[in-house]
Each structure stands twice: as C-alpha cells, then as structure tokens.
Amino acid sequence: MSHDTDDSKVRYRRTQSVTRAEEITKKESNQRKSQPDKPCHRPRDSLFSWSSGFDNFTGLVNWGFLLLTMGGFRLVLENFIKYGIRVDPVQWFVVLTGRNEGQGHPSLLLVLYSLVPIVICLTVEKGLASEVIMESAGMVVHVVNIIVLVLIPMVVIHVKGQAFSLVGAMTVCFVYCILFLKMWSYVQVNLWCRSEHKHSKKRSSRRQSISIAQLQNDQVNGNGVASGAEKDKVAILVHYPNNLHLRDLFYFLLAPTLCYELNFPRTSRIRKRFLIKRILEVVIGVHIVMGLFQQWMIPSVRNSLVPFSNMDLTKMTERLLKLAIPNHLMWLCFFYLTFHSFLNLMGELLHFSDRNFYSDWWNANNIDTFWRTWNMPVHKWCVRHLYIPVVEMGYSKISASVFVFFISAFFHEYLVSVPLKTFKIWAFMGMMAQIPLSFVSKFMEKQYGARCGNIVVWASIILGQPLAIMMYYHDYVITNYNDVLV
C-alpha cells in the first residue's frame, strides 16, 4: 500500500514539473523586476535566428524590389544610350504579317493545308463508327496521318526554307504541333468511347432506357403539352457516335484545351467587360513583347556571338547574365499574354468554362511541381494520353515520366530547330536535363527547406533560357552566315 502511495507521489511530481519550472521562472522574473536597478533584459533570440519565430520581412522584400527596379532602370538607360531607340512598330507589322515572305505566302498555305489531315481524321472516325473500316486498318491510317502531319513542316521548310519568314515558319510549326496533340487526343478518346459502345451493346440488347435529362426536357402531360419552364431544362449529353461531325471537331480545335471530350463544360453567356479586358491585354501585351525583343533582346543576343565563337568563358558569363533579365521579363509577359489573356479570350468567345490554364508555378519548390503547374493544358494532355496509358501497360512510373519528358523534349526541339533550319539538340538536351535537375531540386528542398528548392526552380528558369538562345543564335549564324565571323 505504501509502495502505491510512493508511485503516486512520483507521478504527481513528474506531471507538475513543467508547471513548477514555469512558476520558478515567473517568480525569478518578478523578483528581477522588483530590483532597484530597473532591469531591461529577458531571454530572447535574435530575429534572424530560426528559433525566434519572426517572419515579417516585408521591409526587406520592398528593399529587394526597389534594388531590382533601380538595377533594371540602369540597364534600360545603358541600352538607350548605347543603341538609341530601336523600337519600330512598322517592322513589327512587316514581321507579324509575313510581308517579307516569298511569293505565295507559303506559311499561310501550310496552315490552310492542315485542314486536309483534319478531314481525313474525321472521315476515318466515321468509317470506324459505322464499321465500314476495320479497327486495325483505321488505326494504321490514323497513325500515318498524325506522323505525316508532323513531318510536313520539317520537309517543306527544309526544301523551301528561303521562302519562309522566321515568324511564319514558327507559326506553322506551332499550329502543326497543336494539331498533332489535339488529333491524338481526339482519336484516343473516340477509341475509348467506341470500345465502351461495343461492350455496352454486347452486355444488353434490350431497348435503351430514357435518360433523366430526356424525361425533364420531353416530359408531357396528359394533353401532350410540355410541362416545366424552358429555362429549367437539363442539357442532354452528347453520346458516341453522335459527336462525329465537323462542328464538334472544329469547336475542339479552337477551344483552349488539348484534351478532347464529348461534352465540354460551357458558360451560359459572354461577359462583355471581361472580354474587352482580355482583348486590350492581348493588344498591349503583343506590343510590350515586341518592344522588349527589338530594343533589348536583339542587341544582347548579337553581342554574345563573338564570346561564344572564341569560347571566352568570362565574357560568355557576362553576356548570359546581361541577357537573362530582358529574356526573363519577356518570358513573364509572354506567359501572362498567352495563358491568361489569350486563352481566357478564346474561352470566353467559345463559352468554354474550364479556365484552369495555370496554377501557382511561382511557388514551386521543385522542378516536378513547376512542370505540373505552369502549363496546365499540356500537363493534362501528358497525364491523360501518355503517363497513365504507359503505366497501365505495365511500365513503372519513373519510366512513364521519362517517356513524357522525351516526347516534350522532341517537340521543344521541333519548335526551335525546324524554323531556324538548324538541327541541333540544345532544346532537347535542356528538357532531358530536367530529369536530373528534378532530383537536385528535391534534394535541396529536403535538406535545406522549401525556399532553397524554389530558388533552384527560379535559377533554372532565369539562366537556362538565355543560355539556349545564345547557343542557337551562334549555331544559326555559323550555319547560314559564316562570313560574319571572318
């Protein structure tokens, strides 16, 4: 009995130890305050110590922005003093309209020719749906049609390269890449629907039941008069193969998405004020991007030619850092112009209600998160039509991720090398280098915190792009204007 009493006393003392320590500390503090020397010190950590719990660095953030603004303004003044005003809107019009192209505007002709593989794709799908074309034969035609779609710009621009302007060739390659991704999605989604349609026929041969939407839309009373207000009708979903017509396909080709669905989420009206804002942003954004490119980018890129040719590492680094700021500003403007202004403009005009074109990529703590958030249409396409099918085939998730990066690297190289007619692998290698860089960023995030991982992401964006630009410009000049370096 006495033993139990002793145990209870020990437990009681232990449970009260923290409170007792606080009482002692508080008592000592009160005693110090009552001393005649008027003490002013107490246990505290320095604010820059992690243990201090201080996190309000707003003033330092403002200081950083001010310092960055002053440095950028100095570079702007240096550029104007050295090169003068190079901005020429007339040249923008000439470049963007393709007036310096060869006879016949070959870029426009190639864009119009893209209607041919689109019509072929729809015709084959209709044949497969009506079982006029065998499944195996139809898929062979689809594969050949999509591959030829990508090869056409490569062959034509290589053979007739002098007739194409740089902007025209880039536009053609971009349009054909988008068509490749959209037609892939269109064919694959219709294959899923066709497979399910055939299985549903086999499972049951009874008469198809009336859907709830049809009951609500077509419900009639005893006198044959429709009941319910028109505004309360529920939209009837489109089912395969009723989606196989030109109107549906062209809506998908114009919609701001790469993933096909039979029934896209739609808005009920066009917001005129929102639409006007996006139009103004597109017009103003194009002028800002063109002005930055003409005034700031072109001189910096041209000045990098000699250091790259001489392999002068010091001057190469200086040119890289000097080009990084205007290139990054232009990239940020291009991101906002494309993923917010233009895609929202198209979505509003087409009543397309899924506006998830980007996520908070600026907070990405590793490279994987950045690639999953900065370009949501491409990310959704890669996951839906590459990653998941490859995993379902039995491959590992790492193999599927490598395959996704390989396809992405191919198209990055395609969009650069074909218009420049300079077939190098810098863009391809840059994309494939994202795989080891992903492990580095994750290691930094794990070992040193999310902030360090985010710094690695920003550093790769700010420095990687201008490095690739300078390398491609050097190779382009060497290939086409070798006498410049003589």
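Miscellaneous remarks
- Reported count of residues in segment 117-145, each being in a helix (DSSP H, G or I) and over 19 Å from Asp248 (Cβ atoms), is 8.
- Criterion (farther than 21 Å from Arg355 by Cβ, touching a Gly at 6+ places or on another chain (Cβ under 9 Å), among the hydrophobic types (A, V, I, L, M, F, W, C) and modelled with pLDDT under 90) met by exactly one of Ile325, Ile298: Ile325
- Figure legend. Inter-residue proximity from segment 388-401: first residues modelled with pLDDT of 90 or more, second residues open to solvent by 100 Å² or more (accessible area, probe 1.4 Å) and basic (Lys, Arg), beta-carbon distance below 7 Å, spacing 6+ or different chains. Indicated pairs: Val391/Lys397.
- Output for segment 155-169, where each listed residue is in a helix (DSSP H, G or I) and either of a type in the set (Ser, Thr, Tyr) or in contact with a helix residue (DSSP H, G or I) (Cβ under 9 Å, 6 or more places away or on another chain) (or both): Val156, Ile157, His158, Gly161, Ala163, Leu166, Val167, Gly168, Ala169
- Residue satisfying all of: in segment 419-438; of a type in the set (S, T, N, Q) and in a helix (DSSP H, G or I); most open to solvent (accessible area, probe 1.4 Å) among these: Gln434
- Identity of the residue in segment 44-78, outside any loop (DSSP other than H, G, I, E, B) and either charged (D, E, K, R) or touching a Phe, Trp or Tyr at 6+ places or on another chain (Cβ under 6 Å) (or both), that ends up least open to solvent (accessible area, probe 1.4 Å): Glu78
- Evaluation of Phe274 against (1) over 24 Å from the mean Cα position of the chain (by Cα); (2) in contact (Cβ under 8 Å) with a residue 24 or more places away in the chain (one fails), failing number: (1)
- So Ser165, is it touching a residue at least 24 places away in the same chain (Cβ under 8 Å), crowded, with 16+ Cβ neighbours inside 10 Å, among the polar types (S, T, N, Q) and closer than 26 Å to Phe252 by Cβ: no
- Contacts under 7 angstrom Cβ, first residue in segment 237-253 being under 14 Å from Lys126 (Cα atoms), partner surrounded by 11 or more Cβ atoms within 10 Å (Cβ to Cβ) and charged (D, E, K, R), 6 or more apart: Tyr240/Arg194; Leu244/Glu125; Leu244/Lys126
- Options Lys231, Lys201: the member that is under 30 Å from Val132 (Cβ atoms), modelled with pLDDT under 85 and not polar (S, T, N, Q): Lys201
- Residue match in segment 326-341 (condition: out of contact with any helix residue (DSSP H, G or I) (no Cβ under 7 Å at 6 or more places or on another chain), in a helix (DSSP H, G or I) and open to solvent by less than 30 Å² (accessible area, probe 1.4 Å)): yes
- Test: Trp374 is under 26 Å from Ser401 (Cα atoms) and surrounded by fewer than 16 Cβ atoms within 10 Å (Cβ to Cβ): no
- In segment 465-486, the qualifying residues are those that are open to solvent by 40 Å² or more (accessible area, probe 1.4 Å) and not hydrophobic (A, V, I, L, M, F, W, C), and the one that is modelled with the lowest pLDDT is Asp483.
- Any hit, segment 379-397, residues being open to solvent by less than 40 Å² (accessible area, probe 1.4 Å) and within 17 Å of Thr338 (Cβ to Cβ): yes
- Which numbered condition Asn366 fails, given (1) closer than 20 Å to Gln465 by Cα; (2) open to solvent by 30 Å² or more (accessible area, probe 1.4 Å); (3) touching a Gly at 6+ places or on another chain (Cβ under 9 Å): (2)
- Within segment 392-409, being within 30 Å of Val156 (Cβ to Cβ) and in contact with a Phe, Trp or Tyr (Cβ under 7 Å, 6 or more places away or on another chain) holds for Val404, Ala409.
The values are calculated or read from the model by the stated rules, or taken from the named source; none is laboratory data. Note that the structure is a prediction, hence the values are computed from the model and not measured. Using ideal geometry, Cβ is built from the backbone for each residue, glycine included, and neighbour counts are taken over all protein chains shown. The accessibility values were calculated without ligands, DNA or RNA, using every heavy atom of the protein model including side chains. Shrake-Rupley method; radii C 1.70, N 1.55, O 1.52, S 1.80 Å.
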